[in-house]
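Enquirer: There's a structure below that I have some questions on.
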Amino acid sequence: MSDISELETRISAAMERIGNAVGQLGIDSGSEEAVKALEGQVLQLKEALETEQTASAQLRERIEAMRAIKDTQAVRIAELEAAQAELGAHQSADRAEMDVIITELERLVKEGPHA
């Protein structure tokens, strides 16, 4: 976007220079064709500036939309990480319970059958 801002600044400066040149020429000292040509250039530069400003506004909108998506994704990632941590805790608890069951089964196997 800095390129667009730079272009806007350059176009504005050029328009000002042209305006100053037109003012210095005066209608009496310059030909009517030269004045019309300069006015045409000013009009073209204004149109170019408007086009760049529109493009700049569209880029700003896109950036804001992308930031919103990024923020939404960051929240979702945090939720998924919390869910993963919770699952890990459940898995550890299940593993501990299985260890207790295996230990009890090993004890029962060693004792042998009771008749």
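Enquirer: Give me the percent relative contact order of the stretch 2-81, please, defined on Cα pairs under 8 angstrom at least 6 residues apart.
Expert: Values: 21 pairs, mean separation 33.2, N = 80.
Relative contact order comes out at 41 percent.
Enquirer: Can you give me the angle between helix 32-111 and the longest principal axis of the chain, using Cα atoms only, in degrees from 0 to 90, rounded to the nearest 10?
Expert: The helix 32-111 is inclined about 0 degrees to the chain.
Enquirer: Tell me which aspartates and glutamates have Cα within less than 13 Å of LYS46's Cα, excluding those fewer than 8 residues away on the same chain?
Expert: Straight-distance partners of LYS46: GLU8, GLU16.
Enquirer: Same structure, new question: Between SER92 and MET66, what's the calculated FRET efficiency when r is the beta-carbon distance and R0 is 25 Å? Round to 0.05.
Expert: My answer for the efficiency is 0.05.
Enquirer: Treat the count of other C-beta atoms within 10 Å as a stand-in for reagent exposure and order ILE18, ILE11, ILE69 from fewest to most. Present the calculation step by step, with values, prior to reporting the outcome.
Expert: On the way: ILE18 15, ILE11 20, ILE69 10.
Taking fewest neighbouring Cβ atoms as first place, the list is ILE69, ILE18, ILE11.
Only the coordinates and a few stated rules stand behind these numbers; no lab work does. Since we're looking at a predicted model, the values are computed, not measured. Neighbour counts run over all protein chains shown; Cβ positions are idealised from the backbone, glycine included.
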